[in-house]
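In what follows, a single structure is set out as structure tokens and then discussed.
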Amino acid sequence: MTFTLSVWADVESLRAFTWQTLHKRFRLRRGEWFEPASQAYLAIWPIAAGHRPDGTEALAKLAALRQNGPGPDVFGTEALVPQAVSPA
């Protein structure tokens, strides 16, 4: 299995990267390169300042998300959905 592990300051920063940079173009074309996922493929979880998660921790979080669904300890792609902007 190949996977990517990255650490972000907060979910808002990851969301902004996903939808407000060039990455958005690739995210929207994801279906051209990948089969539709039948289960969670992305796990997001809070970490303590200075902690460096490793692959074992990441895979355990992904397994927990797949088994139990999103919660306060781990959540998935729903956290990346752009937040609704209220009209000014």
For this session: Please work out which one of (1) in contact with a Phe, Trp or Tyr (Cβ under 9 Å, 6 or more places away or on another chain); (2) over 17 Å from Thr4 (Cβ atoms); (3) not aliphatic (A, V, I, L, M) is the condition Glu57 fails and give its number.
Result: (2)
Exercise. Out of all the residues in region 22-52, which are assigned to a helix (DSSP H, G or I) and of a type in the set (D, E, K, R)?
Worked result: Lys24, Arg25, Arg27, Arg30, Glu32
Problem set entry | Enumeration of residues in region 17-58 that are aliphatic (A, V, I, L, M) and surrounded by 10 or more Cβ atoms within 10 Å (Cβ to Cβ) | Leu28, Ala37, Ala40, Leu42, Ala43, Ile44, Ile47, Ala58
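Every number here is computed from the coordinates shown, using simple stated rules; none is lab data. Since this is a predicted model, take the numbers as computed values, not measurements. Positions of Cβ are generated from backbone atoms using ideal geometry, with glycine treated the same way; all protein chains shown enter the neighbour counts.
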